[in-house]
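The values are calculated or read from the model by the stated rules, or taken from the named source; none is laboratory data. If you're wondering where the values come from, they're calculated on a predicted model, not measured in any experiment. All Cβ positions, glycine included, derive from the backbone under ideal geometry; neighbour counts span all protein chains shown. In case anyone asks, the SASA skips ligands and DNA or RNA and just uses the protein heavy atoms, side chains included. Shrake-Rupley method; radii C 1.70, N 1.55, O 1.52, S 1.80 Å.
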Amino acid sequence: MTVPAEQMTALRWHARGVVRLDSVPVPLPGPGQVLLAVEACGLCATDVEEVRSGPVAIQPSAVPVSLGHEAVGRVIALGEGVVGIPLGERVVPALAEPCRECVICRAGMPEECPKKTVIGFDHDGALAQYLVTNAAQCVRVPDHLASEVAALAEPCAVAHHACRVVPHLAGRSAVVVGAGSVGMLVVLWLQELGVSEIAVVEPNEARRKVALSLGAHLAVPPEGLDDLLGRLDDSRPWALFECAGRGGAVLARADQLPPSSWIVLVGISSAPIECDVVAITLRQHTVRGINAHARDLDVLPAVRLLARRCDAVRDLVEVRRGLDAALALLIDGLPSDPPRKIVVVP
Ligand SMILES: [Zn+2]
Ligand SMILES: [Zn+2]
């Protein structure tokens, strides 16, 4: 067990375009909290977005704030009153902490809590050597699941949330637009949840191959979208998962979808999008946005899925060592090829 020094290195956001490695005091766990030695943290397009055009999700009052919300850490100190998490346990901290008191939380929708706080945006994140988090937010990582792979838990939880909102999913055909990390993990969930027809739309050929290896039945480039919509089983409703931030391409084709289809928007579009409102109304489609997840509903099943399918998902990850490597990537942008999630070992 490593006993933390007094100071640690953290990759902190100071202002748009200004991120650096700072030496800061190691945080102390308060009541109900644990101190984690960070073992791995995924880099996300959102982090790059914060560096380039933030603050987007960053809370101005939290600045300077350590980035990093796709964390895995080892418990090395317990705050007052923490029971049930032994020292030395590896955990994934669910990134969004609901207030647990408001009407929405009490109605069983913690992911929609208006008062939730988020690691790496509202308070310090995991692109640091150590991280303090509430014990109640932690999900245990099984021994055989490597920390670098467990760092996929956050995108995997987003993917789970996107899938769980669609009723009668197993009886639908599914199309996933965009095979980045979340899109790939949506494919994995769709297969897991019994969807018998899964098609992927993705420009990058290497990513299309990975999507096929994860259980997609068909993978085509964006030019093939119209052709694809014509080829899928038209007799049952569809679920379309937009994970590329090109929602317009999907929403403008609402007239081509069978009645009662679902369009789940996961990727964030940077430009205004056109939408066939008449077709959505007459065909009674549902358009749903996804931008959060909850510990019990999503992170717990995500860690279990990664543990069960660790051989299949290992290839989705590329490890980089050191926070200086993370800093360079956040400034220069994440590579799109090879098509992997970059996971940093601080
Ligand atoms: Zn993210
Ligand atoms: Zn709440």
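Here are some notes:
- In the stretch 234-346, the ratio of gyration radius to Kirkwood radius, Rg to Rh, stands at 1.08 when only Cα atoms are counted.
- Accessible area per residue for the chain, computed on protein heavy atoms with a 1.4 Å probe, is 43 Å².
- The chain, relative contact order [Cα under 8 Å, separation at least 6], %: 19
- Packing, as the average of other Cβ atoms within 10 Å across residues, places the peptides 307-314, 324-331, 130-137, 174-181 in the order 174-181, 130-137, 324-331, 307-314, highest first.
- Once the mean of 1/r is taken over each pair of separate Cα atoms and inverted, the stretch 173-230 shows a Kirkwood hydrodynamic radius of 10.8 Å.
- Around the amide H of VAL319, modelled in the peptide plane, lie the amide H atoms of VAL343, all under 5 Å away and 5 or more residues distant in sequence or on another chain.
- Sorting 24-30, 289-295, 92-98 by their mean Cβ neighbour count within 10 Å, with the most densely packed peptide first, gives 92-98, 289-295, 24-30.
- Top positive-direction residue, dipole computed over the chain with Cβ charges, set ILE331, VAL343, SER173: SER173
- Extending 7 Å from Cα along the Cβ direction at ARG321 and again at SER196 yields two label points whose distance is 4.9 nm.
- Accessible area in the full protein assembly, largest first, 1.4 Å probe, for ARG16, ARG100, ARG253: ARG16, ARG100, ARG253
- Only Lys, Arg, Asp and Glu carry charge here, each on its Cβ (+1 for the first two, -1 for the last two); on that basis the chain has a dipole of about 380 debye about its Cα centre.
- Its relative contact order, with pairs defined as Cα atoms under 8 Å and 6+ residues apart, puts the stretch 166-289 at 23 percent.
- Relative contact order computed over the stretch 206-346 (Cα-Cα under 8 Å; 6+ residues apart), in percent: 18
- Rounded to whole Å, the principal axis extents of the Cα atoms in the chain read 62, 42, 38, largest first.
- The local environment of ALA57, defined by Cβ-Cβ distances under 9 Å, has a net charge of -3 under the rule Lys, Arg +1 and Asp, Glu -1.
- Added length on full extension, which subtracts the Cα-Cα distance from 0.36 nm per residue, HIS168 to GLN284: 40.2 nm
- Annotation: the antiparallel percentage among DSSP beta bridges lying fully within the chain is about 55.
- Solvent exposure ordering (accessible area, 1.4 Å, most first) of ILE273, ILE76: ILE273, ILE76
- When the Cα gyration tensor is reduced to axis lengths a ≥ b ≥ c, the ratio a/c is 1.5 or higher for the stretch 166-289, and with a/b not above b/c it is classed as oblate.
- Taking amide H as placed 1.01 Å from N in the peptide plane, the amide H of GLN33 sits under 5 Å from that of GLY79, GLU80, ALA135, each at least 5 places away or on another chain.
- Accessible area of the stretch 72-118 belonging to carbon and sulfur atoms, whole % at 1.4 Å probe: 56
- For LYS209, the lysines whose Cα falls under 21 Å of its own Cα, not counting residues fewer than eight places away in the same chain, are LYS341.
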